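The values are calculated or read from the model by the stated rules, or taken from the named source; none is laboratory data. Owing to the predicted nature of the structure, the values given are computational and were not obtained by experimental measurement. Cβ atoms come from the backbone with ideal geometry, glycine included; neighbour counts cover every protein chain shown. Ligands, DNA and RNA are stripped out before the accessible areas are found, and what is left, the full protein with its side chains, is counted by its heavy atoms. Shrake-Rupley method; radii C 1.70, N 1.55, O 1.52, S 1.80 Å.
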Amino acid sequence: MMGFIGINAARSVRQWQLNHKQTNSSAKSFGYQQELIRDMGGFSNFAVSFSIISILTGAVSYYGYGFSQGGPAIMGIGWPLVTFFVLFVAAAMAELTSAIPTSGAIYHWAAILGGPTWGWFTGWLNIIGQVTIVAGIDYGCATFASNLLIAHPSKLQFLITYGVILTSHALLNHFGIDLVSKLNSLSAIYHVIGVLLIIGVLMIAGPEHHISYLFSTFSTQTSSTMPYWGAFLIGLLQAQWTLTGYDASAHTSEETLNPRVQAPWGVFLSVAISGIFGFILLALVTLSIKNPAAVAAAGNNAFIVAIQQAVGSRFSGMLLWLVTIAMWFCGCSAITSSSRMVYAFSRDNGLPFSAYLKRISTKFHTPAVAIWMIAIIAFLAGISDGIYAVIGTMSIIGLYSSYFIPIALKLRAQLQGVWTADDNGPWHLGKWSIPVGVVACLWVIFLIGLMILSPTDVQLTAHVMLHDATGKIMFVVIVVLMIDYGLSARHHFMGPKLGSYEKLSSRLTHNVTKRPTVEATRLKNSVSERNRN
């Protein structure tokens, strides 16, 4: 599947390059002033998504969750299964990235394809996913770091570590995209070397089990009231949370050279390469386990226990520090992506306090207020006990819901014949675009339902436990968003500037005569304001 999609996309890019001498694209086509510095190369763009996916973060942080639910089969069968279907989602998003390269990415796509209402809800869902994924990444990093620094860290010691990590990421992102771009490139190289090093050490140490252990061992540490297939499906959270956040390459389009070609490759290749390396890593770690029951019972520390069993406590410390540093890189990239989304949504007044959140540092040319707001909210999200699984499931629901909306809207337009070949960017799949979009939408629907039904408990106080927290929290969030939109946002939110995409949006939404353009509405409001004065 990786080869099939890659070959078709490469063919379309070559054909486009033969027909177009000018390969660069500018955000000015959307009617925005270029405020972010455009100096990211293709590798740096890929590195942002690859670092956020970070198989040394997601696959490692949620290793215990996956192993305790589905056992070895969650690594041998679950990981390839999730990778296969996520490739469809990534390919559908890469097509949109190539056609509409902008910092708003998913939010802009939804607004162009479906109008301001769809754009507003998509923007909010994406931000919910972006902020919770930052929390999840740095929470996992703090878990590893605090356990490596302190024998048995207290809750306060953990929170201090968590806060220091988030602060370091906010500071680096504040100081400029050039520094973060270099870190992202270093991060991608570091992840590849780190994975290869761990794989090499585990191969030398020698696996404990035959390869069939991954495909024939269906064990679980969950309650006997749940059938294995149910536990296995819940355990897919490990792989699915890992293969998330690759929209980062789309969010940094306005800072990428030749974004219509470079950014979509960043979206797709980050998933493909992570899927391959992640499977090899998880397979060797699982085959090296000596005491499966102890690993399953270790909770968030399951990967630590598995590595210690494989190579001994002395040498395992070095490998675990290697993993922790990879997590730190991952968290830095996550704040880069999420801050760009907040910035893009705020410059269209889609968020409360947008006037502050859209501010760009005059010295560093970065969305400084957005960066620090994300870091603060992420810290507050990690305070409650038992919150880690909720953070993971909420980030998946938020991000994949926001992925679903523009993919489904484009699919509708394709089926109606409104989206034509001329609307495609250079990176597209031709006749395979519709089948890929259909599979992507079906997978996301299944995935969101699974995450909502996953059993997650949060300890709110010493005596109060919130059961099935993910579903309840998301229900409240959706209700609040609907009330806010009905009472406020629908009256003042006009969507993003569309610039040269205005005609495309009007054609796709079938409201050419019914709905005035965004630019026309803004001009009318401006004239009315002048007349009043």
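Taking the Kirkwood radius as Rh and the Cα radius of gyration as Rg, segment 375-514 has a ratio of Rg/Rh equal to 1.07.
So for segment 226-328, what percent of the C-alpha to C-alpha distances run longer than 21 Å? In whole percent, the share of Cα-Cα pairs in segment 226-328 beyond 21 Å is 51.
Taking the centroid of alpha carbons for each part, segment 112-183 and segment 52-88 are 21 Å apart. When you work out D = kT/(6 pi eta Rh) for segment 258-416 at 20 °C and 1.002 mPa s, using the Kirkwood radius from C-alpha pairs as Rh and the Stokes-Einstein form, the result is 110 µm²/s. Across the chain, Cα pairs under 8 Å and at least six residues apart give a relative contact order of 31 percent.
For segment 99-169, the extents of the C-alpha atoms along the principal axes are 53, 20, 15 Å, listed from largest to smallest. Structural size metrics of segment 153-222, computed from C-alpha coordinates, are Rg and Dmax of 19.4, 50 Å. Divided by 2.2 N^0.38 Å, where N counts the residues, the Cα radius of gyration of segment 66-213 comes to 1.37.
Over segment 377-444, the fraction of Cα-Cα pairs per 10 Å bin, rounded to whole percents and listed from the shortest bin up, is 17, 37, 20, 16, 10, 0. Each Lys and Arg Cβ is given +1 and each Asp and Glu Cβ -1; about its Cα centre, segment 290-449 then shows a dipole of about 240 debye. What is the angle, in °, between the Cα long axis of helix 368-381 and the longest principal axis of the Cα atoms in the chain? Nearest 10 is fine, range 0 to 90. Approximately 40 degrees, to the nearest 10. Counting only Cβ charges, +1 for Lys and Arg and -1 for Asp and Glu, the dipole size of the chain around its Cα centre is about 1260 debye.
Here, segment 344-417 yields an orientationally averaged convex hull projection of 7.4 nm² when only Cα atoms define the hull. The C-alpha atoms of the chain define a longest principal axis, and helix 302-311 lies at about 50 degrees to it.
Rg and Dmax, both from the Cα atoms of the chain and both in Å, are 22.7, 80. Restricted to Cα atoms, segment 430-501 shows a radius of gyration and a Dmax of 18.8, 57 angstrom.
Relative to the dominant Cα principal axis of the chain, helix 79-99 is inclined by about 20°. P(r) tail, segment 144-187: Cα-Cα pairs separated by more than 18 Å, 44% of all pairs. Ordering 347-359, 275-287, 127-139 by mean Cβ neighbour count within 10 Å, with the highest value first, yields 127-139, 275-287, 347-359. Taking all protein chains into account, the per residue accessible area for segment 175-223 stands at 53 Å² (1.4 Å probe).
Summarise the accessible area of the chain (1.4 Å probe, protein heavy atoms) by the percent that is carbon and sulfur. The C+S portion of the solvent-accessible surface of the chain is 67 percent. Scaled to the globular estimate 2.2 N^0.38 Å, the Cα spread of segment 50-99, given as radius of gyration, is 1.38. Along its three principal directions, the equivalent ellipsoid of segment 300-367 from the Cα gyration tensor extends over semi-axes of 41, 13, 6 Å, largest first.
Counting only protein heavy atoms and a 1.4 Å probe, segment 385-501 has 45 square angstrom of accessible area per residue.
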